[in-house]
Amino acid sequence: MKNQLQKCTATKLYQRALGALLFAALCVTGNAAWAAQVAGVVARLSGPLMAKKADGSVKVLGLKSEIESGDTLVSEKNTYAQIKFIDNSEITLRPGTTFKVENFAFDEGKPENDSASYSLVKGGLRSITGLMGKRNKEKFSLKTPNATIGIRGTTFIVHYVSSTDAAPQGKSPVAPQGKLPAGAAPAQLLPPGLHLSVSDGAIIVTNNGGSLGFQAGQFGYVPNLNQAPLIVPGNPNIQFLPPPAFNTSSGGPGAGNGTSQESAAVDCVVR
């Protein structure tokens, strides 16, 4: 009887241990399954950059910090930040920008699973197409408060100006019809709305008012979500002036700029 009790106790202990191991394995598998894909890295940086993670935590990013699908990036008022994505595309944020990587998925061997969905909440950026944008143009979308932008193999700049950031009344460089008044000089500040320029390729801009394509060398303006996009005859003073190093090749994901900024590669979690 004593031997039977010992065997029974040993069996129960073994079952409990095995159950604990299986539970731990399931937890690890579950965490791996839910982990967001690394979308890219911070390739160049001129000031503070924050990332709001999907789990609610906040990180201060540095050079070579990883960017994940689901991250919301916030650049400070003097910060330009260049993100190099794993498909070799680039997005450079201007100062005072809030930008979300809503859904990013890329596998070079599985183009059918491509996805690049972004959201510009405020501020502006420059986008340079990578491999995904060349093989699956329809999988790219950039949402803004006034319109959604699709690409046709492209380099373009967008700048969203809210009513609180706009030029004083009467100083708008863009008339309601999207044309500059005769003899008018561009104002120092842009009027409320979405402003854009295309330097290579083409984009299509869509909102509740309709859709309009823009080619290389063209400028555009979208007053609000319900007014159709407009072609502007000249640059309405869209300014995008990152440091000179931002306009050279970053050498792929994780590459720094070869300056003392390398020492700023810090990941700091803020809770």
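Tell me, yes or no, whether the range 204-220 has at least one residue that is at pLDDT 95 or above, within 24 Å of residue 95 (Cα to Cα), surrounded by 14 or more Cβ atoms within 10 Å (Cβ to Cβ) and under 20 Å from the mean Cα position of the chain (by Cα). Checking the range 204-220: at least one residue is at pLDDT 95 or above, within 24 Å of residue 95 (Cα to Cα), surrounded by 14 or more Cβ atoms within 10 Å (Cβ to Cβ) and under 20 Å from the mean Cα position of the chain (by Cα). Assess whether residue 11 counts as being modelled with pLDDT under 90 and either more than 20 Å from residue 120 (Cα to Cα) or in the same structural domain as residue 196 (by TED's automatic domain parsing) (or both). Yes. Listed by position, the strands (runs of 3 or more DSSP E) enclosed by the range 42-149 that each have at least 1 residues that are β-branched (Val, Ile, Thr) and modelled with pLDDT of 90 or more are 58-61, 66-68, 72-75, 81-85, 90-93, 98-105, 115-128.
In this structure, does residue 59 turn out to be among the basic types (Lys, Arg) and surrounded by fewer than 16 Cβ atoms within 10 Å (Cβ to Cβ)? No: the conditions fail for residue 59.
Which residues, counting only those in the range 221-259, are β-branched (Val, Ile, Thr), at pLDDT 90 or above and part of a loop (DSSP other than H, G, I, E, B)?
Filtering the range 221-259 down to residues β-branched (Val, Ile, Thr) leaves 222, 231-232, 238, 248, 259.
Subset that is at pLDDT 90 or above: 222, 231-232, 238.
Once the filter is applied, which keeps residues that are β-branched (Val, Ile, Thr), at pLDDT 90 or above and part of a loop (DSSP other than H, G, I, E, B), the range 221-259 yields only 238.
Checked against the criteria, residue 183 does not count as modelled with pLDDT of 95 or more and surrounded by fewer than 17 Cβ atoms within 10 Å (Cβ to Cβ). On the stretch given as the range 186-203, residues that are at pLDDT 90 or above and not in a strand (DSSP E or B) total 3.
The values are calculated or read from the model by the stated rules, or taken from the named source; none is laboratory data. Small disclaimer: the values here were computed from a predicted structure and weren't measured. Neighbour counts run over all protein chains shown; Cβ positions are idealised from the backbone, glycine included.
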